[in-house]
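Input: a single structure, listed below in structure tokens.
The values are calculated or read from the model by the stated rules, or taken from the named source; none is laboratory data. If you're wondering where the values come from, they're calculated on a predicted model, not measured in any experiment. Here the Cβ positions follow ideal geometry from the backbone for every residue, glycine too, while neighbour counts run over all protein chains shown. Side chains are part of the model used for accessible areas, which takes the heavy atoms of the whole protein and leaves out ligands, DNA and RNA. Shrake-Rupley method; radii C 1.70, N 1.55, O 1.52, S 1.80 Å.
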Amino acid sequence: MRGRCVELYSDFACPFCYLAEVGAEGLERAGISVEYRAYELRPSPVPLASPASDLAKRRGWDEMIGPLSVELGLSIVMPAIGVRTRKAHEAAKYAKVEGVERAMRNALFAAYFAEGRDIGRIDVLVEIAESVGLDRTGMKVTLDIDQHTDAVIADEARALGLGLNGVPAYVVDEGMSPRVVVGLQDYERLLSWMETK
């Protein structure tokens, strides 16, 4: 399995993507490279709504997301606000360049799902960056000048080309026929899928 790579498309405002991080970290510990890709569930101008205001989402949260988060050991609550995540994805790209991608991803998910913070705001992202050891000024400048916007857009264009319509989504690129699975997968299922040819 060493030397293998999987792309993980996710969004920082998706609870299933937060849960998917547990399996992704397991793959990394097993020596499988995980390439994180941006996927905005609600890019501008798609309307934002508070997840907590939707009765069906609240029911799904209580019946599925809540129990899964407990099982996986994550602190997660239903957010009171909807957020745009483009800048959060850009912040994660910057963190990758600086060598702290894992810490930043964990901090972004926790900020939104455990602390209820607006991770679409640059000032909030700068504070989160500082909490994982990144330079505040470097992060602010990066976000202000849209340094990683093109990389986020490129990820989303690739997702569109692969026909992805939801996240989390896992892709093993095997040339002309990439293999794709969409939806939350546990670590064992991911390993089995990775081994399938």
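Rounded to the nearest 500, the 222 nm mean residue ellipticity of the chain from helices alone is -14000 deg cm²/dmol, with -39,500 (n - 2.57) taken per DSSP H run of at least 4 residues. Spatially close Lys pairs in region 86-197, defined by Cα atoms under 25 Å apart and a spacing of eight or more places or different chains, total 4. Building the convex hull from the alpha-carbon atoms of region 55-126 and averaging its projection over directions returns 5.1 nm².
A Förster distance of 22 Å, applied to the separation of the beta-carbon atoms of residue 137 and residue 114, puts the FRET efficiency at 0.25. Treating r as the C-beta distance of residue 70 and residue 153 and R0 as 25 Å, the FRET efficiency rounds to 0.10.
For the chain, the pair-distance distribution built from all alpha carbon pairs, in bins 10 Å wide starting at 0, is 9, 36, 38, 16, 1 percent. Of the heavy-atom accessible surface of the chain (probe 1.4 angstrom), what whole percent is carbon and sulfur? Here carbon and sulfur together make up 53 percent of the probe-accessible area. Taking 1.567 mPa s as the viscosity and 4 °C as the temperature, the Stokes-Einstein diffusion coefficient of region 33-72 based on its alpha-carbon Kirkwood radius rounds to 102 µm²/s. Tell me, what is the FRET efficiency for residue 196 and residue 46 to the nearest 0.05, using R0 = 35 angstrom and their Cβ-Cβ distance as r? The computed FRET efficiency comes out at 0.55.
What region 19-77 shows is 55 Å² of accessible area per residue, with the surface traced by a 1.4 Å probe over protein heavy atoms.
Computed with the Debye formula from one identical point scatterer per Cα of region 1-102, without solvent, the log10 of I(q)/I(0) at q = 0.16 Å⁻¹ comes to -0.82.
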